[in-house]
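What follows is one structure encoded as C-alpha cells, with my remarks underneath.
The values are calculated or read from the model by the stated rules, or taken from the named source; none is laboratory data. Computed from a prediction, not measured in an experiment: that's the story for all the values here. Using ideal geometry, Cβ is built from the backbone for each residue, glycine included, and neighbour counts are taken over all protein chains shown.
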Amino acid sequence: EIRLSLVGSEMCIRDRLVIVSLTIALNLGLNSKKSEAALLKNEPQLTQHTQLYYWKKRPFSAQFYSKGQAQLLNNKEKLSEMLISKQPFLLALKSRDFVKLKGKLIPYCQTVNETDSRLLLTCNKRRM
C-alpha cells in the first residue's frame, strides 16, 4: 500500500517536470522555426489579401494560422498555369520541393519568409 503511493507520487513529480520543461521550451520559441505560425505571422496583411497555396501537403496549423485561406496545390500543370496567369499568390513549400521546382519558380517568385522546413514565396507580385 505504501509502495503504490510512492510510485504515484514519483509519477506526479515526473509529470510536473515534463510539463514545466515543455512550457519553458514553448515560451523560449524552440518550436517556432517549425510551426506554420512562424512562416505566416510576419506577413498577415499579405496573407489576408493574396491567395495562399501549400505545395503537396497543407498542415492543419496552416489552415488555422491562415484563417482558413490556405489551399492545397499538388499539380505541376496547375502551378504552371498560375505562374503564367500573372495573378499574385503565395506559395508555401518544403525546402526540398523548392530545390526540385526552382527552375520553374525563380522567374516568377521571391522568398518572403523561411523556417527550418518551409519557404513562403510571393509569386507574380507586381513590381513597382
Next item on the list: Only residues that are out of contact with any Leu (no Cβ under 8 Å at 6 or more places or on another chain), assigned to a helix (DSSP H, G or I) and either over 14 Å from Leu120 (Cα atoms) or among the polar types (S, T, N, Q) (or both): list them for segment 83-106, please.
Entry: Ile84, Ser85, Lys100, Gly103
Checklist line | Pairs, first basic (Lys, Arg) and modelled with pLDDT under 95 in segment 77-90, second in a loop (DSSP other than H, G, I, E, B) and loosely packed, with under 15 Cβ neighbours inside 10 Å, C-beta under 9 Å, six or more apart | finding: Lys86/Arg126
Check: Is one or more of the residues making up segment 69-81 of a type in the set (A, V, I, L, M, F, W, C), closer than 20 Å to Leu39 by Cα, outside any loop (DSSP other than H, G, I, E, B) and under 10 Å from the mean Cα position of the chain (by Cα)?
Finding: no
Next item on the list: Within segment 38-58, track down each residue that is touching a strand residue (DSSP E or B) at 6+ places or on another chain (Cβ under 7 Å), at pLDDT 90 or above and part of a loop (DSSP other than H, G, I, E, B).
Entry: none
Next item on the list: Go over the candidates Ser66, Ser95, Ser61 one by one and state the one that is at pLDDT 90 or above and polar (S, T, N, Q).
Entry: Ser95
